[in-house]
Amino acid sequence: MKIHEFQARQLLADAGIPVPPGRMVTTASDARRAAEAVLATGAGLVVVKAQVHAGGRGKAGFVKLVRSADDAFAAATFMLSNRMVSPQTPPEGLEVKRVLVAEAVEIAKEYYLAITVDRARRTNTLMASAEGGVEIEHVAATRPQAILRVPFHPVAGLAPFQARDTAMALGLHGKPLNQAVDLIVRLSNLFRGVDASLLEINPLVLTPPCADHPQGRIIAVDAKCTFDDNALFRQKAIADWFDPTEENASELHAAQHGLSYVALDGNIGCLVNGAGLAMSTMDVISLHGASPANFLDVGGSASEDAVAEAFRIILSDPKVKGVLVNIFGGIMQCDRIARAIVGAAETVGFSVPLVVRLEGTNVDEARKILDSARDRIPMMQSATDLTDAAMRITRAVA
């Protein structure tokens, strides 16, 4: 599960990690008032940031630095009335419903700091770089050695000496070094305490020297958090932050029926039982020249109604030009899928080619059910195996 930046900043602040004061608003008028409150504290600069579950906001023009409440109003008006398009959004972009208005921080140096799950090492890993900011993806792609990776003990957690070594490797010294060590330790404790899969601060900044902080100060000015869905049952407060408007509507619909669905960009709708078989199905479709429109695993115990709902979800995607059903019946019985196909044909209707490959439990009964319904499903073809099915659906949509 993902949360918005304003929520992530609240998590950091509650953990004792310094973040600039700010306020989330949903209207341009509220953005004006929030900016006035920030400017009244003596701050000379305000930042207005779109709150969406995607990166690349700055380059897309959805992070604005302003010096007046009127400019904050204009920036919020633009963001709330335009869809944000970046390399991390769908082609049509994302609708912006919220903006964060916060005190802008003067920056002497930007750093990158994150903790994530390293599945290759099978442990949590601290990542840090002295080259934080909007180009961190480019740094990771072109100079991965510039990103320090520190795996830490899965039970004991991050040791204080690891936090100090990391801060020193970033080139920090004096009070900012101690501040960074404290921040890193707090971040690692927070990561474990909230069952996170990613806690990212980019940028972590060192401010210029001032009267109160002669050596500058370490502050987190942006934050990104994701959480382990399987642990949300014990993270009620975080689960309440879930924003369904930021999720794919079909994926949410599928989850309500116990289906695992992920929308993709292709033109072949897939209905499969088992994640491994679903991945293989998508690979074979690609091998034969088409591309999958979705990942959809109905699992082993889905009811006929749930399977019929799966067809509704697939066929509601305008990109789908054909549907491939690939079932290897174990727990999931083939005749249940066959009856669901017939039911979907009657209630939803198939206006695109349908190729069905069934094998396993009750397959003979399933084939009889489909054979008896061929006059009602003229778009349907049967396949002997997965390769045959992929070739058939590819030819049908060509």
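Overview of values
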quantity: Criterion violated by M168 - all others in (1) under 27 Å from A237 (Cα atoms); (2) assigned to a helix (DSSP H, G or I); (3) more than 24 Å from the chain's Cα centre (by Cα) satisfied; calculated: (1)
quantity: Yes/no for G269 being surrounded by 14 or more Cβ atoms within 10 Å (Cβ to Cβ), more than 26 Å from Q88 (Cα to Cα) and in contact with a Gly (Cβ under 8 Å, 6 or more places away or on another chain); calculated: no
quantity: All positions within the stretch 343-370 that are among the aliphatic types (A, V, I, L, M) and modelled with pLDDT of 90 or more; calculated: V352, L354, V355, V356, L358, V363, A366, I369, L370
quantity: Condition met for V19 (under 15 Å from E5 (Cα atoms) and either modelled with pLDDT of 95 or more or not charged (D, E, K, R) (or both)); calculated: yes
quantity: Residue within the stretch 333-343 that is under 23 Å from N267 (Cα atoms), surrounded by fewer than 23 Cβ atoms within 10 Å (Cβ to Cβ) and basic (K, R) present; calculated: no
quantity: Pair list, Cβ < 7 Å and 6+ apart or interchain, from the stretch 75-103 residues that are assigned by TED's automatic domain parsing to the domain that holds L39 to residues that are of a type in the set (D, E, K, R) and part of a loop (DSSP other than H, G, I, E, B); calculated: R83/E92; M84/R57; S86/R57; S86/K59
quantity: Tally of residues being in a loop (DSSP other than H, G, I, E, B) and either over 29 Å from the mean Cα position of the chain (by Cα) or without any contact (Cβ under 8 Å) to a residue 60 or more places away in the chain (or both) across the stretch 23-44; calculated: 5
quantity: Close pairs (6 angstrom Cβ cut-off, 6 or more residues apart or separate chains): surrounded by 19 or more Cβ atoms within 10 Å (Cβ to Cβ) and part of a strand (DSSP E or B) in the stretch 122-136, polar (S, T, N, Q) and modelled with pLDDT of 90 or more anywhere; calculated: A128/T166
quantity: Among the candidates D182, D195, residue that is on the phi > 0 side of the Ramachandran plot and of a type outside the set (G, A, S); calculated: D195
quantity: Matching helices (runs of 4 or more DSSP H) fully within the stretch 278-377 where at least 1 residues are in the same structural domain as L264 (by TED's automatic domain parsing) and under 20 Å from S260 (Cβ atoms); calculated: 304-315, 334-347
quantity: A140 vs. criteria free of Cβ contacts under 8 Å to residues at least 12 places away in the same chain, surrounded by 14 or more Cβ atoms within 10 Å (Cβ to Cβ) and either in contact with a Pro (Cβ under 9 Å, 6 or more places away or on another chain) or in a helix (DSSP H, G or I) (or both); calculated: yes
quantity: Residue within the stretch 327-337 that is of a type in the set (K, R) and modelled with pLDDT under 90 present; calculated: yes
quantity: Criterion: surrounded by fewer than 16 Cβ atoms within 10 Å (Cβ to Cβ), among the hydrophobic types (A, V, I, L, M, F, W, C), outside the structural domain of A306 (by TED's automatic domain parsing) and within 21 Å of the chain's Cα centre (by Cα) - qualifying residue of A239, A211, A223, A196; calculated: A239
quantity: Yes/no for V284 being in contact (Cβ under 8 Å) with a residue 60 or more places away in the chain and closer than 19 Å to L11 by Cβ; calculated: no
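The values are calculated or read from the model by the stated rules, or taken from the named source; none is laboratory data. Predicted model, so just to flag it, every value in this text is computed and none were measured. When we count neighbours, we look across all protein chains shown, and the Cβ atoms used for this are built from the backbone with ideal geometry, even at glycine.
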